[in-house]
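> Below: one structure in structure tokens.
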Amino acid sequence: MLRVMKAFFPAVIIAYVLASALVTQSVLASVISFGLPVDPLVRLQTTLHDLVGMATSYLPLILVAFLLGLPVAAALARALPARRALLFSLAGFAAIVALHLIMHALLGVYGIAAARTLPGLLGQGLAGAVGGFCYHRLSRGNIATRPVPIT
């Protein structure tokens, strides 16, 4: 259990940092499209500000999404241990994409502006996939990775 937790929380943090940074860069791209300059220091400061600012809302949502998605991958990985990395990456991707689609279906709005477009939604999914892959790498050796004998 401790190994699972040691892998789970870093995976959530990595997915959150990447997803948050992608959101920030998407918003800054919109600012640039209006002809306003955005220098690298402003990009960095804005990204760090958003990481802190969205930690109380977006980070818990990603945590819940991973709590729901990664156990599915773990169950499938028992039957398909050779596909473990792919399964956890897909679970992370699906968890984040589903989070945004469910929020939109229930609330009628996207919680993260970048998820309104297909590239933005896919970028968020990519952040989830990286987090899922991180979980795979950090949790190797866990009992969940052992194949279940078929009798």
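Throughout, read-outs are computed from the coordinates displayed, never taken from laboratory work. Keep in mind the model is a prediction, meaning the values are calculated, not measured. With ideal geometry, Cβ positions are generated from the backbone for all residues, glycine too; neighbour counts draw on all protein chains shown.
> If you take the beta carbon distance between L106 and A55 as r and set R0 to 25 Å, what does 1/(1 + (r/R0)^6) give as a FRET efficiency, to the nearest 0.05?
On the way: r = 22 Å, r/R0 = 0.90.
E(calc), rounded to 0.05, equals 0.65.
> Take the chain, connect every pair of alpha-carbon atoms lying under 10 Å apart with a spring to form a Gaussian network, then pick out the residue of A95, A29, A115 with the largest mean-square fluctuation.
Of A95, A29, A115, the Gaussian network model singles out A29 as fluctuating most.
> Using a 7 Å offset from the Cα along the Cα-to-Cβ direction at both L68 and Q25, what is the distance between the two label points in nm, to one decimal?
About 2.7 nm separates the two model spin labels.
> By how many degrees, between 0 and 90 and to the nearest 10, does the Cα long axis of helix 84-107 differ from the longest principal axis of the chain?
Value to nearest ten degrees: 50.
> Gap in Å between the Cα centre of the range 59-106 and the Cα centre of the range 1-40?
About 18 Å separates the Cα centre of the range 1-40 from the one of the range 59-106.
> Where is the GNM fluctuation largest for the chain (alpha-carbon springs, 10 angstrom cutoff): A19, A129, A85?
Of A19, A129, A85, the most mobile in the Gaussian network model is A85.
> Counting each DSSP H run of 4 or more residues in the chain as -39500 (n - 2.57), what helix-only mean residue ellipticity at 222 nm follows after dividing by all residues, to the nearest 500 deg cm²/dmol? Numbers along the way, then the final one.
Working: 5 runs with 113 residues, N = 151.
The helix-only estimate for the chain comes to -26000 deg cm²/dmol at 222 nm.
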